[in-house]
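The values are calculated or read from the model by the stated rules, or taken from the named source; none is laboratory data. These numbers come from a predicted model, not from an experiment. Cβ: placed from backbone, ideal geometry, glycine included. Neighbour counts: every protein chain shown. Just so you know, the surface numbers come from the protein's heavy atoms only, side chains and all, with ligands and any DNA or RNA stripped out. Shrake-Rupley method; radii C 1.70, N 1.55, O 1.52, S 1.80 Å.
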Amino acid sequence: MRSCRRLVVAGEVQGVFYRAAAQATARRLGLSGWVRNRLDGTVELLACGDEAKLKEFEAWLWQGPPAARVSAVEGEAASDPGLSDFELRR
C-alpha cells in the first residue's frame, strides 16, 4: 500500500550533501517525492511509496551522509501529490 510522509530533519544537515544523498537513497528504495533546504537550517522532505520502504528511508534520515549530524527527524502523514520521481528542490 502506498503511503506518504512529510519529514523535517534538523541538525547539521545543510552544506553536507544531505539533499543529494537523500534523493539517491529515496530513488534506490523506489520512493517518489522531493527534498529541499529550509531557511531555518533544516531539510524538509516528502516521501511516498511502500510503507516498509518509507520506514527504511526514515531510519536512513537519522544517519544521512557522512558529514551530517542529525539531531531530530519529525514526520507526519501527508497526502500523495502523485509524483513519479524523487525531486531535488531549492
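Just flag the trypsin sites (Lys or Arg not before Pro) in the stretch 1-82 sitting in loop per DSSP whose Cβ has no more than 14 other Cβ atoms within 10 Å.
The qualifying sites are Arg38.
Average projected area of the Cα convex hull of the chain, in nm²?
Here the figure is 5.1 nm², rounded to one decimal.
Tell me, what is the Rg over Rh of the stretch 44-84, with Rh the Kirkwood radius over Cα pairs?
Here Rg/Rh amounts to 0.99.
Accessible area of the chain with a 1.4 Å probe: how many percent of it is carbon plus sulfur? Before the final figure, lay out each step's value.
Numbers: 2550 of 5050 Å².
Taking all protein chains in place, the chain shows 50 percent carbon and sulfur surface.
Only helical DSSP H runs with n ≥ 4 go in: add -39500 (n - 2.57) per run for the chain, normalise by residue count and round the 222 nm mean residue ellipticity to 500 deg cm²/dmol.
-8000 deg cm²/dmol
So how tilted is helix 18-29 from the main axis of the chain? Cα-based, degrees 0 to 90, rounded to 10.
The angle comes out at about 30 degrees.
What accessible surface, in Å², does a 1.4 Å probe find on Asp85, ignoring ligands, DNA and RNA and rounding to the nearest 10?
Surface open to solvent at Asp85 totals about 70 Å².
Okay, which of the stretch 1-22 sit inside 13 Å, backbone N to the point 7 Å along the Cα-Cβ direction of Trp62?
Answer for this model: none.
Would you mind computing Rg(Cα) / (2.2 N^0.38 Å) for the stretch 1-51, counting N as its residues?
Against the empirical 2.2 N^0.38 Å value, I get 1.13 for the stretch 1-51.
Taking only C-alpha pairs under 8 Å that are 6+ residues apart, what is the relative contact order of the chain in percent?
46 percent
Summing +1 for each Lys or Arg and -1 for each Asp or Glu, what net charge is found among the other residues whose Cβ lies under 9 Å from the Cβ of Arg2?
-3
Residue farthest toward the positive end of the dipole of the chain, with Cβ of Lys/Arg at +1 and Asp/Glu at -1: which of Trp62, Leu88, Cys48?
The Cα lying farthest towards the positive end belongs to Leu88.
Where does helix 51-61 land angle-wise versus the long Cα axis of the chain, in degrees 0 to 90, nearest 10?
The angle comes out at about 10 degrees.
What whole-number value in Å² describes the accessible area per residue of the stretch 2-90 for a 1.4 Å probe?
Accessible surface, normalised per residue, equals 55 Å².
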